[in-house]
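Please read the structure below before turning to the comments.
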Amino acid sequence: MQALIDKIVAQPALHSRWLNTLSMMENAGAKKIKNCEDPIFVNEIILKHAAEEARHAYYLKKQINKIEEKACPTYEKRFLLAPNTSYNYLNMLDVKICKYLKSNFGYTHHKLKYAAYLLVTYAIEVRADELYPIYQNSLNATQSSVTVKSIIAEEKNHLEEMTNQLKEFSKDWEALTQHALKVEEELFNLWQEELEIEVAKK
Ligand SMILES: [Fe+2]
Ligand SMILES: [Fe+2]
């Protein structure tokens with residue numbers, strides 16, 4: 001992944017679209033959290049989490065101006081990298097995890113929504129904790145004025161918070177997360193393949 005991100009960062013047109021793609025995915029994550037929250041029993045941790053993911057989307061969008069002013073004004077496919085798998089990633093993860101929870105645990109309604117929120121978000125946080133530092137390495141190596149250090153700090157807290165919530169939710173939390181990580185890895189690999197193909201064309 002490091003070599004791939006190095007190649008992206010080296011080309012401004014790719015780098016802008018990379019930032020825009022991450023912004024779109026963060027925004028999708030923020031929307032997903034809002035969508036899963038209980039209108040009455042939502043707590044401070046969940047409100048904070050949704051707000052921070054929305055901030056990441058805005059922050060990444062703003063970073064694009066450091067590379068090329070207004071290069072990617074919207075999330076249209078032409079302004080994204082690997083648009084198909086980028087758009088599908090979160091939804092597919094959610095669909096697969098909901099299916100697993102329904103058929104293995106019989107969860108429905110709010111319980112299903114909450115369990116899916118916990119597992120989907122957990123898997124994404126594990127990925128974010130791996131991906132953003134790799135990206136920051138590339139930015140450091142090229143002395144880029146773009147930085148994602150503030151995101152790295154927040155994602156680290158998110159992972160801790162998700163782990164705490166999962167521990168409270170189920171004594172089988174480790175087995176649940178193992179499954180979620182496996183599903184996420186398959187989807188991440190598909191995303192990476194589409195990115196590789198697109199970058200190789202440049
Ligand atoms: Fe985030
Ligand atoms: Fe996060």
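Of all residues in region 135-168, those being part of a helix (DSSP H, G or I) and within 16 Å of ligand 2 (Cβ to nearest atom) number 20. State whether one or more residues within region 172-195 are within 13 Å of ligand 1 (Cβ to nearest atom) and of a type in the set (S, T, Y). There is no residue in region 172-195 that is within 13 Å of ligand 1 (Cβ to nearest atom) and of a type in the set (S, T, Y). The number of residues in region 169-202 that are more than 16 Å from ligand 2 (Cβ to nearest atom), under 25 Å from N104 (Cα atoms) and touching a Leu at 6+ places or on another chain (Cβ under 9 Å) comes to 8.
K99 fulfils the conditions (1) at pLDDT 95 or above; (2) buried (at least 17 other Cβ atoms within 10 Å of the Cβ); (3) more than 18 Å from the chain's Cα centre (by Cα) except for a single criterion, (2). Those helices (runs of 4 or more DSSP H) of region 1-107 in which at least 1 residues are touching a residue at least 40 places away in the same chain (Cβ under 8 Å) and over 22 Å from I151 (Cβ atoms), considering only elements entirely within it, cover 12-36, 83-105. Taking the numbered list (1) surrounded by fewer than 22 Cβ atoms within 10 Å (Cβ to Cβ); (2) polar (S, T, N, Q); (3) within 13 Å of ligand 1 (Cβ to nearest atom) in turn, Q2 passes all entries but (3). Scanning region 25-45 for residues that are of a type in the set (V, I, T), out of contact with any His (no Cβ under 8 Å at 6 or more places or on another chain) and within 15 Å of ligand 2 (Cβ to nearest atom) gives a single hit, I45. Among the residues making up region 172-188, those that are exposed (fewer than 15 other Cβ atoms within 10 Å of the Cβ) and either more than 14 Å from the chain's Cα centre (by Cα) or modelled with pLDDT under 95 (or both) are D172, E174, A175, Q178, K182, E186. Screening the candidates Y132, Y89, Y122 for the property of being within 16 Å of ligand 1 (Cβ to nearest atom), more than 28 Å from E198 (Cβ to Cβ), surrounded by 17 or more Cβ atoms within 10 Å (Cβ to Cβ) and modelled with pLDDT of 95 or more yields one hit, Y122.
Being within 16 Å of ligand 2 (Cβ to nearest atom) and either at pLDDT below 95 or under 22 Å from L159 (Cα atoms) (or both) is not true of E69.
All told, H109 meets the bar of being surrounded by fewer than 16 Cβ atoms within 10 Å (Cβ to Cβ), of a type outside the set (D, E) and either away from ligand 1 (no atom under 16 Å from the Cβ) or farther than 28 Å from E69 by Cβ (or both). Within the option set K61, K34, K66, being within 16 Å of ligand 1 (Cβ to nearest atom) and touching a Ser or Thr at 6+ places or on another chain (Cβ under 8 Å) holds for one residue only, K61.
The values are calculated or read from the model by the stated rules, or taken from the named source; none is laboratory data. Small disclaimer: the values here were computed from a predicted structure and weren't measured. All Cβ positions, glycine included, derive from the backbone under ideal geometry; neighbour counts span all protein chains shown.
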